[in-house]
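Comments concern the structure below.
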Amino acid sequence: MIKKNAHAKLNLSLDVTGKRENGYHDIKTLMVMTDLCDEMIFSKSERLEIIPEFSFDLKSNLIYKAYELLKNKVGYDLPFKVEIKKKIPIAAGLAGGTSNGAACLYALNDLYKINIPRAELIEMAGGLGADFTYMMTGGSKIAKGIGDILEGVDPIELDHVLIINPGYGVSTKEVYQKIKIDKERIDFSKILEGLYELDIEKLNFYLRNIMEDVVFSLHPDLLDIKNKLRAFNSAPLMSGSGATIFGIFADEKSLEEAYDYFKKIYKYTYKVRVGEGFGSF
């Protein structure tokens, strides 16, 4: 039996800088890991079992895809059972599914003593999706390319962050189809300054997610959440392609006041921390 905590990530700004001929988009984003996680217990089994069962097609599940990737690599079956205590909302812009898949790769590698080196496992995972390269490694990083080129930055530690998810998902594919790429680029150096100084005013000026325009046009309630979060003296932003909105706070009092307000309205409201100690398998 092997236990893994699959952590949620946040995008502390997200720029879309271009579109490739193959349809993929070039991005630049600042990513960090949070202490919000799905608790996963893996054990050997006679067949693949995911508990509780997901409501969508098993073969589209990234746990299944990770299993298939390893099975094809070694040339024999690796049946297992995984019990999941799910806390990360689905299709929320928090990479919960990718995190589950990354946990599966590391767990099966250990469970069956396959002994694939960590660097090779990370490289293999990149074929499952652009987020995998980051989710397999964690830390405070800027991701470029399609999200697979990582550049480390000084550790970002935030103790007072509120995550709010409205209880529905957003299609990343649809957002990319509708996004308009402008010439104005996000100033990541100023964002990093604001984060290290915990300067809420500076963060409110520089934090930006270019996907917000598309998502807010489809779901105006998310803009309302963002504006209300700002009224609680936070620096709010949408994570990834949504629908999760988060707020960065400078003090615990403001965080608690916002939490008390939003928790009454939205079931998926979490107080989280950001740090280097989360998300490293």
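What the table below lists for this structure:
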item	result
Candidates Glu68, Glu49 - the one that is surrounded by fewer than 17 Cβ atoms within 10 Å (Cβ to Cβ) and at pLDDT 95 or above	Glu68
Residue that is nearest to Leu10 (Cα to Cα), among those in the stretch 270-281 that are touching a strand residue (DSSP E or B) at 6+ places or on another chain (Cβ under 6 Å) and buried (at least 19 other Cβ atoms within 10 Å of the Cβ)	Val274
Residue among Ser43, Ser60 that alone is outside the structural domain of Leu222 (by TED's automatic domain parsing), free of Cβ contacts under 8 Å to residues at least 24 places away in the same chain, small (Gly, Ala, Ser) and loosely packed, with under 15 Cβ neighbours inside 10 Å	Ser60
Residue count for the stretch 231-262, restricted to those that are among the small types (Gly, Ala, Ser) and free of Cβ contacts under 8 Å to residues at least 24 places away in the same chain	1
Near pairs, Cβ below 6 angstrom, 6+ apart or cross-chain, from the stretch 26-37 (in the same structural domain as Ile179 (by TED's automatic domain parsing) and over 17 Å from Gly152 (Cα atoms)) to any residue that is assigned to a strand (DSSP E or B) and among the hydroxyl-bearing types (Ser, Thr, Tyr)	none
Elements of type helices (runs of 4 or more DSSP H) contained in the stretch 203-281, each with 1 or more residues being over 23 Å from Ala91 (Cα atoms) and in contact with a Gly (Cβ under 7 Å, 6 or more places away or on another chain)	252-263
Criterion (buried (at least 17 other Cβ atoms within 10 Å of the Cβ), among the polar types (S, T, N, Q) and assigned to a helix (DSSP H, G or I)) met by exactly one of Thr137, Thr98	Thr98
Residue match in the stretch 220-230 (condition: within 20 Å of Asp26 (Cα to Cα) and in contact (Cβ under 8 Å) with a residue 40 or more places away in the chain)	no
Some residue of the stretch 86-93 being in contact with a His (Cβ under 9 Å, 6 or more places away or on another chain), touching a residue at least 24 places away in the same chain (Cβ under 8 Å) and either closer than 27 Å to Val161 by Cβ or part of a loop (DSSP other than H, G, I, E, B) (or both)	yes
Selection within the stretch 31-40 - surrounded by 15 or more Cβ atoms within 10 Å (Cβ to Cβ) and either farther than 19 Å from Asp131 by Cβ or touching a helix residue (DSSP H, G or I) at 6+ places or on another chain (Cβ under 8 Å) (or both)	Met31, Cys37, Asp38, Met40
Lone qualifier among Leu48, Leu14 - being of a type in the set (A, V, I, L, M) and within 30 Å of Asp159 (Cα to Cα)	Leu14
Sole exception among (1) surrounded by 18 or more Cβ atoms within 10 Å (Cβ to Cβ); (2) at pLDDT 95 or above; (3) aliphatic (A, V, I, L, M) for Ile116, by number	(1)
Some residue of the stretch 171-187 being hydrophobic (A, V, I, L, M, F, W, C) and in contact with a Phe, Trp or Tyr (Cβ under 6 Å, 6 or more places away or on another chain)	no
Residue in the stretch 141-179 that is surrounded by the most Cβ atoms within 10 Å (Cβ to Cβ), counting only those that are assigned to a loop (DSSP other than H, G, I, E, B) and among the small types (Gly, Ala, Ser)	Gly147
Residue match in the stretch 105-126 (condition: within 26 Å of Val170 (Cα to Cα), outside any loop (DSSP other than H, G, I, E, B), under 15 Å from the mean Cα position of the chain (by Cα) and free of Cβ contacts under 8 Å to residues at least 24 places away in the same chain)	no
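Table: residues versus (1) hydrophobic (A, V, I, L, M, F, W, C); (2) assigned by TED's automatic domain parsing to the domain that holds Lys28.
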site	(1), (2)
Thr137	no, yes
Lys144	no, yes
Tyr176	no, no
Ile181	yes, no
Arg185	no, no
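The values are calculated or read from the model by the stated rules, or taken from the named source; none is laboratory data. Because the structure is a prediction, the values reported are computed rather than measured. Please note: Cβ atoms are built from the backbone with ideal geometry, for glycine as well, and neighbour counts cover all protein chains shown.
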